[in-house]
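The structure under discussion appears below in the form of structure tokens.
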Amino acid sequence: MRILVIGGVAGGMSAAARARRLDEQAEIIVFEKGRYVSFANCGLPYHVGGEIEQDSYLLLHSPESLRAELDLDVRIEHEVIGIDRSAQTVLVATPGGTETFAYDALVLSPGADAILPPIPGMDLPQVTHLRTVDEARSLAARAASARRAVVMGAGFIGLETAEAFRHRGLEVTLVELAPQVLPPLAPEMSALVEKELRAHGVDVRTGVAATGVRAGGDDAAVTVALGDGTEVPADIVVVSVGVTPSSALAAEAGLEVTDRGAIVVDELQRTSDPHIWAAGDATAVRHGVTGQVGPVPLAGPANRQGRRAADSIMGRSDAAQPVLGTAIVRAFGLTAATTGASPRMLDAAGIDHVVVHTHPGNHAGYFPGSQILHLMGVFSLDGRLLGAQAVGPDGADKRIDVLATALRAGFSAADIAELELAYAPPFGSAKDPVNMLGFLAQNVLDGTTRVWRFQDLEQVRAEALILDVRSEREYAMGHLPEAVNLPHTHLREHLDGVRQLAGDRPVRVLCASGVRSYYAHRVLAQHGFDSATLDGGMFTLVEAVPGLELATGAFQPANA
């Protein structure tokens, strides 16, 4: 059997390596149009920033090492320029001319192409992407003498690139058309990341697009014009506004592609041609929560798809699982991670859901170094986990991995509440943040806890008594002007006073994170009050409502 693989890196090399392990006799040829067939593309920003000192560390394999280890025939600087499906051949542009190769099975792993905004100046030498080893090598060298950089796009790669340039000491402007950085995150979660970026000197411009790049201006190599009329000087401009499937070859061969250009495959990675498989960023996958079909350019799914394609070629039939889109990024001292569907995605898909926020410590509070972990969970109305997000200085990765596993298993809030996770004071708590998320979701879904949300703020201000049950010191540092301060530990002795203040109005309770207000809410509810606790507390409210004005000073009773 002759297996041809078009494209290396994650999908293609996984397919080739797996095929060899399953069939020692197969002839396996890999065509890679670039110079590197196996490199750590996720590590590129960290070489630019100097954390990965040598670019050679990014090169995982060479044609020689793959020949020695796996007996693969890897041909770099060989670009497949045509597929003849009826003859089962491919036409390849090689350094010595064009050649034709026959195949029994063909695997397409062409990856994705960087999107280039349709604005002037994209062809200037100062403008580049960060998708190849050569680009990373060039950027690392240029950053050594540059002063200013502009990064277009505040997605995962954009954030990593901005961080890398700041590590190099450059002035960095991060430009994002969406109203927030990290658009896959909920706004109240991404706001935490934006604060961290600003705290480390990144000039964040959201809700605005670059309209052009021109040479020179204010002693800079180029000037980037923005849609709000401002201009930003730069020595380097990195464009990271997204990618599009590199599927032209497949489309020209008559293979089925989606309206957005992704190659259509079945659960075994087979295309519309029985002799052709596809894997990686160019393929369309089904989202495990929303059911929507489209490309998900992540390394983990690409590797698994390549392995699955080889299994299918060899007659194995383990069907693909839908993709959850689990992803993570570091932004200086914070980690942001997500899995499953966000509230925005669920709204677009018309799926009813409940969102809960919690802000526990990353490990036991009495153990030195405990830090706040911001955790958001999204659940169906019957309690099934649909998605989760985490932002914090430590522990976000661990919790999202647990929740991604729970999501794959179809766990409910009750299942998550009962997860038995490793505990010792330096690592977690007896009630782990994951368990706490499950407890909270259980309480909300079964009616034990009634919540009000940041989206309800204006209505609550107009119609309810807002009871702030934090300490007097916390209240004095910043509170809603309308809020009455009554620490939760004194609530029981002042129930009559609360009833008098509320009159016929409902009582809406808040605290810092939602824990103390939950305690107060349960007391009030059992004494006949129409009460609810603020989901996520002030931590969530101040991030979710930009420009929220807080008053300071101690509470002054009306009769003072």
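Nothing in this text is a laboratory measurement; each read-out follows from the coordinates by a stated rule. All values reported here derive from a predicted model rather than from experimental measurement. Reconstructed Cβ throughout: ideal geometry from the backbone, glycine too, with neighbour counts over all protein chains shown.
Taking the Kirkwood radius as Rh and the Cα radius of gyration as Rg, region 379-531 has a ratio of Rg/Rh equal to 1.02. Between Gly82 and Leu91, the built amide H atoms are under 5 Å apart, and every one of these is 5 or more places off in sequence or on another chain. Subtracting the Cα-Cα distance of Glu53 and Ile119 from 0.36 nm times their residue separation leaves 20.3 nm of extension gain.
For region 81-156, the ratio of Cα radius of gyration to the globular rule of thumb 2.2 N^0.38 Å stands at 1.65.
Given an 8 Å cut-off on Cα distances and at least 6 residues of separation, report the relative contact order of region 469-560 as a percent.
Numbers: 116 pairs, mean separation 35.2, N = 92.
RCO, region 469-560: 38 percent.
In straight-distance terms, cross-link reach from Lys398 covers every one of the lysines whose alpha-carbon lies under 26 Å from its own, apart from those fewer than eight places away in the same chain; here that gives Lys195, Lys431. Once you order the gyration tensor axes a ≥ b ≥ c over the Cα atoms, which shape class does region 299-354 get: rounded for a/c under 1.5, otherwise prolate or oblate by comparing a/b with b/c? Taking the square roots of the gyration eigenvalues as a ≥ b ≥ c, region 299-354 is oblate. For region 451-544, the ratio of Cα radius of gyration to the globular rule of thumb 2.2 N^0.38 Å stands at 0.95.
Residue by residue, region 450-461 carries 3J(HN,Hα) couplings of 9, 10, 10, 10, 4, 5, 8, 4, 5, 5, 5, 4 Hz when phi is fed to the Karplus relation 6.51 cos²θ - 1.76 cosθ + 1.60 (θ = phi - 60°); x denotes Gly or Pro. Under 5 Å between amide hydrogens, built in the peptide plane, is the criterion, and for Leu386 it picks out Val378, Phe379, Ser380 among residues at least 5 positions away or on other chains.
Between Leu548 and Asp203, how high is the FRET efficiency from 1/(1 + (r/R0)^6) when r is the Cβ-Cβ distance and R₀ = 30 Å? Nearest 0.05.
Details: r = 23 Å, r/R0 = 0.76.
Given R0 = 30 Å and the Cβ-Cβ separation, E is 0.85.
With only Cα atoms counted, region 1-151 has Rg and Dmax values of 17.8, 55 Å.
The C-alpha atoms of region 333-446 occupy a region whose extents along the principal axes are 44, 29, 22 Å, arranged from largest to smallest.
Among (i) 1.11; (ii) 0.91; (iii) 0.98, which one is Cα Rg over 2.2 N^0.38 Å computed from these coordinates? Working out Cα Rg over 2.2 N^0.38 Å from the coordinates points to (i).
The value of relative contact order for region 333-446, using C-alpha pairs under 8 Å at least six residues apart, is 30 percent.
Fully extended, how many nm does the chain gain between Asp496 and Ala141 (0.36 nm per residue separation, minus their Cα-Cα distance)? Mind showing how you got there, number by number?
Values: separation 355, 0.36 × 355 = 127.80 nm, distance 7.02 nm.
Result: 120.8 nm gained on full extension.
With the largest listed first and rounded to whole Å, the semi-axes of the equivalent ellipsoid of region 15-68 from the Cα gyration tensor are 28, 10, 9. What GluC sites (Glu not before Pro) in region 414-521 are in a loop by DSSP, with at most 15 other Cβ atoms within 10 Å of the Cβ? Of the GluC sites (Glu not before Pro), the ones in loops of region 414-521 whose Cβ has at most 15 other Cβ atoms within 10 Å are Glu418, Glu420, Glu482. Only Cα sites of region 220-282 enter the Debye sum here, all with the same form factor; the resulting log10 I(q)/I(0) across q = 0.19, 0.21, 0.28 1/Å is -0.70, -0.79, -1.19, listed in q order.
Projected label points at Gln371 and Arg214, each 7 Å from Cα along the beta carbon direction, are separated by 4.4 nanometres. Seen through its C-alpha gyration tensor, with square-root eigenvalues sorted a ≥ b ≥ c, region 442-505 comes out rounded because a/c lies under 1.5.
State log₁₀ I(q)/I(0) for region 127-241 at q = 0.16, 0.19 Å⁻¹ as given by the Debye formula over alpha-carbon point scatterers of equal weight, solvent excluded. These q points yield log10 I(q)/I(0) values of -0.68, -0.96.
Were the residues from Met314 through Glu79 laid out at 0.36 nm apart, the gain over their Cα-Cα distance would be 82.0 nm.
Measuring nothing but how far apart in sequence close Cα pairs (under 8 Å, 6+ apart) lie, relative to its length, the chain scores a relative contact order of 11 percent.
Could you list the GluC sites (Glu not before Pro) in region 5-57 that lie in coil according to DSSP, counting only those with at most 13 other Cβ atoms within 10 Å of their Cβ?
Values: sites: Glu24, Glu27, Glu32, Glu51, Glu53; in loops: Glu24, Glu51, Glu53.
Passing sites in region 5-57 are Glu24, Glu51, Glu53.
Here the Karplus curve 6.51 cos²θ - 1.76 cosθ + 1.60, taken at θ = phi - 60°, turns the phi angles of region 444-449 into couplings of 5, 5, 8, x, 4, 10 Hz, with x standing for Gly and Pro. Sparse packing (at most 15 other Cβ atoms within 10 Å of the Cβ) combined with a DSSP loop state is found for the following chymotrypsin sites (Phe, Trp or Tyr not before Pro) in region 344-434: Tyr366, Tyr423, Phe427.
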